[in-house]
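Enquirer: Before I ask anything, let me first share the structure, which is written out below as structure tokens.
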Protein chains: 2
Amino acid sequence: MYEGIVQDLIDELGQLPGVGPKSAQRIAFHLLQADPVDVRRLADVLIQVKQRVKFCSTCFNVSEDDQCRICRDPRRDGSVICVVEEYKDVVAIERTREFRGRYHVLGGAISPIDGVGPEQLRVRELLTRLADGEITEVILATDPNLEGEATATYLTRNLKPLGLRITRLASGLPVGGDLEYADEVTLGRAFAGRRAAE
Amino acid sequence: MYEGIVQDLIDELGQLPGVGPKSAQRIAFHLLQADPVDVRRLADVLIQVKQRVKFCSTCFNVSEDDQCRICRDPRRDGSVICVVEEYKDVVAIERTREFRGRYHVLGGAISPIDGVGPEQLRVRELLTRLADGEITEVILATDPNLEGEATATYLTRNLKPLGLRITRLASGLPVGGDLEYADEVTLGRAFAGRRAAE
């Protein structure tokens, strides 16, 4: 129905999360009429984001350097590590300004249905970090849903023998949701009220 | 809050129509984890769409060649021209399979508030096309809203002296809406029931 390249663009846009066929069409028509300079800038950012974005060699946070900004920052408390599922959770927690330690990004949560077990996550790398003795507390900040709970339980069981303080975020987070969508006050309070893991 | 290039990507995506800050963030995170080949393909389509898409020199429809597919097609009836506001309206009408003539894309509608008058639209080009005498009917298929009605009224007044048949789409289209969102049956019936312009 559309000229070939226009249809290609609609198809590509339709692959993005939350973009249905009507939205894809609407965005495509917008781009057809947009200034070529603006469209080129979007294309360049897409190319650069894949070229420049790496993962921090220490915590696996998103980074443009070998180590992320938080791992490089000497003012951050190296004795407390907050374990999260994804990069977006780091951003959500940073926004609360409640936490001054460092992070460990697992890269997901345990989910047998999706074929994700502990070996698909950066659990071994977490154990390696904990082995040097500098870290005294691990905060498990996985999502308050089934997979997140399973991951936290698994980690608690495996970290207990190390004799560290292991804590979980306080309840207050809406159950069944995603951590990243919690508002800043709720997430900040959940941080302040964290409890010892059973 | 985000690493520089990630924030750039979120900002660029947030410029797209219908993409709010949360959606932009969601799409950006998806792209961060996507296969670089897929992201590169999206970037390439964006670049190519601006390089390859031109406008038909006859009807101003979107085209990859000097003339669009419809103007090149000898099976289309050259004696009837359907005047629409935008390329997306051509696509919506083509989908009904009700119309076998050709098009003229104005590039918008008269809207004093937005500073769009007849001189900003391809009205002069329409008059030039009508001058050769091959065209016997002009169907005014502007959007059934204030700007579309004003444009149709303006064109009716200016085309009347040429002695052509001038028609409007039948009522049946929801008033106040956009032509492109009408369902195919409604739009097809509106075509079949078009009436002489007063």
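Each reported figure results from applying straightforward, stated rules to the coordinates on display, with no laboratory input. Everything quoted here is computed from the prediction, not taken from an experiment. Using ideal geometry, Cβ is built from the backbone for each residue, glycine included, and neighbour counts are taken over all protein chains shown.
Enquirer: Can you tell me the alpha carbon radius of gyration of the protein assembly as shown divided by the globular rule-of-thumb value 2.2 N^0.38 Å?
Expert: Details: Rg = 28.7 Å, N = 396, 2.2 N^0.38 = 21.4 Å.
Taking the Cα Rg and dividing by 2.2 N^0.38 Å, one obtains 1.34.
Enquirer: Using a label point 7 angstrom from Cα along Cα-to-C-beta, what distances in nm, from shortest up, separate B:Ser111 from the other copies?
Expert: Its label point is 4.1 nm from the equivalent points in the other copies.
Enquirer: Karplus couplings for segment A:5-19 from phi (6.51 cos²θ - 1.76 cosθ + 1.60, θ = phi - 60°), rounded to Hz, Gly and Pro as x?
Expert: Going residue by residue, I get 5, 5, 5, 4, 5, 4, 4, 5, 5, x, 7, 6, x, x, 10 Hz, with x marking Gly and Pro.
Enquirer: Also, quick follow-up: For segment A:138-173 and segment B:1-48, write down the distance between their C-alpha centroids in whole Å.
Expert: 32
Enquirer: Okay, moving on. Using θ = phi - 60° and the Karplus curve 6.51 cos²θ - 1.76 cosθ + 1.60, what whole-Hz ³J(HN,Hα) does each residue of segment B:102-113 get, with Gly and Pro shown as x?
Expert: 10, 10, 9, 9, 6, x, x, 9, 5, 8, x, 4
Enquirer: Over the Cα atoms of segment A:15-127, Rg to Rh with Kirkwood Rh, two decimal places?
Expert: Values: Rg = 18.4 Å, Rh = 16.9 Å.
Value, to two decimals: 1.09.
Enquirer: Quick one: which residues, 5 or more positions from B:Tyr103 or on another chain, have an amide H under 5 Å from its amide H? H modelled 1.01 Å from N in the peptide plane, none for Pro or chain starts.
Expert: Residues meeting the criterion, in which the H sits 1.01 Å from N, are B:Cys82.
Enquirer: Counting only other residues whose beta carbon sits under 10 Å from that of B:Glu86, what net charge do I get with K and R as +1, D and E as -1?
Expert: Net of charged neighbours comes to -4.
Enquirer: Relative to the longest principal axis of the C-alpha atoms of chain A, give the angle of the C-alpha long axis of helix A:21-33, reported between 0 and 90° and rounded to the nearest 10°.
Expert: On a 0 to 90 degree scale, this one is about 60.
Enquirer: What are the ³J(HN,Hα) couplings of segment A:39-45, residue after residue, when phi is run through the Karplus curve with 6.51, -1.76, 1.60 and θ = phi - 60°? Round to Hz, x for glycine and proline.
Expert: 5, 4, 5, 4, 4, 5, 4
Enquirer: Still on this structure, I have one more. GluC sites (Glu not before Pro) within segment A:16-88: which are DSSP loop residues with at most 12 other Cβ atoms inside 10 Å? Could you put the intermediate results ahead of the total?
Expert: Details: sites: A:Glu64, A:Glu85, A:Glu86; in loops: A:Glu64, A:Glu85, A:Glu86.
For GluC sites (Glu not before Pro) across segment A:16-88 that sit outside H, G, I, E and B with at most 12 neighbouring Cβ atoms in 10 Å, the list is empty.
Enquirer: Something else about it: As an exercise, identify the GluC sites (Glu not before Pro) in segment B:96-185 lying in DSSP coil whose Cβ has no more than 13 other Cβ atoms within 10 Å. All intermediate terms of the calculation are to be shown ahead of the outcome.
Expert: Values: sites: B:Glu98, B:Glu119, B:Glu125, B:Glu134, B:Glu137, B:Glu147, B:Glu149, B:Glu180, B:Glu184; in loops: B:Glu98, B:Glu134.
Listed in order of number, the matching sites are B:Glu134.
Enquirer: Same structure, new question: If r is the Cβ-Cβ distance from B:Asp44 to B:Asp73 and R0 is 45 Å, what FRET efficiency results, to the nearest 0.05?
Expert: Values: r = 29 Å, r/R0 = 0.65.
Once rounded, the FRET efficiency stands at 0.95.
Enquirer: I would also like to ask the following. Measuring nothing but label to label, 7 Å from Cα along Cα→Cβ, what are A:Asp132's distances to the other copies in nm, shortest first?
Expert: Ordered by increasing distance: 7.7 nm.
Enquirer: Find, among the residues of chain A, the one whose Cβ sits nearest the axis of the rotation taking A to B; state the distance in whole Å.
Expert: Here the nearest residue and distance are A:Ala43, 2.
Enquirer: B:Val116's amide H: which non-local residues (gap 5+, or another chain) put their own amide H closer than 5 Å, with H modeled 1.01 Å from N in plane and none for Pro or chain starts?
Expert: Here the answer is B:Ser111, since their amide H atoms fall under 5 Å of that of B:Val116.
Enquirer: Continuing with this model, one more query. Picking from B:Asp132, B:Asp183, B:Asp143, which is most flexible by a Gaussian network model of chain B using Cα springs under 10 Å?
Expert: Comparing B:Asp132, B:Asp183, B:Asp143 in a Gaussian network model of chain B, the most mobile one is B:Asp132.
Enquirer: Another question about this same structure. Cut-off 16 Å, label point 7 angstrom out along Cα-to-Cβ of A:Gln15: give me the residues of segment B:13-47 whose amide nitrogen falls inside.
Expert: Answer for segment B:13-47: B:27-47.
Enquirer: At a Förster distance of 45 Å, what's the computed FRET efficiency of A:Asp66 paired with B:Asp65, Cβ-Cβ distance as r, to 0.05?
Expert: Here the calculated transfer efficiency is 0.35.
Enquirer: Quick one: what Rg and Dmax do you get for segment B:15-77 from the alpha carbons, in Å?
Expert: Gyration radius and largest Cα-Cα distance of segment B:15-77: 17.5, 50 Å.
Enquirer: Still on this structure: For a quick check, take a GNM of chain A with Cα springs below 10 Å and name the residue from A:Asp65, A:Asp44, A:Asp11 with the largest mean-square fluctuation.
Expert: The residue that fluctuates most here is A:Asp11.
Enquirer: DSSP loop trypsin sites (Lys or Arg not before Pro) in segment A:1-109 with at most 10 other Cβ atoms within 10 Å of their Cβ, which ones?
Expert: Working: sites: A:Lys22, A:Arg26, A:Arg40, A:Arg41, A:Lys50, A:Arg52, A:Lys54, A:Arg69, A:Arg72, A:Arg75, A:Arg76, A:Lys88, A:Arg95, A:Arg97, A:Arg100, A:Arg102; in loops: A:Arg75, A:Arg76, A:Arg97, A:Arg100.
Hits after loop and neighbour filter: A:Arg75, A:Arg97.
Enquirer: Ignoring everything except DSSP H segments at least 4 long, calculate the 222 nm mean residue ellipticity for chain A; use -39,500 (n - 2.57) per segment, divide by total residues, nearest 500.
Expert: Details: 8 runs with 86 residues, N = 198.
It lands at -13000 deg cm²/dmol.
Enquirer: Leaving out same-chain residues fewer than 8 places away, which lysines sit with a Cα under 26 Å from that of B:Lys50?
Expert: Within the straight-line cut-off, B:Lys50 pairs with A:Lys22, A:Lys50, B:Lys88.
Enquirer: Now for a different question. Would you kindly calculate the translational diffusion coefficient of chain A, applying Stokes-Einstein with the Kirkwood radius from alpha carbon pairs, for 25 °C and a viscosity of 0.890 mPa s, and quote it in µm² s⁻¹ without decimals? Could the numbers behind the result be given before it?
Expert: Values: Rh = 19.0 Å.
My calculation gives 129 µm²/s for D.
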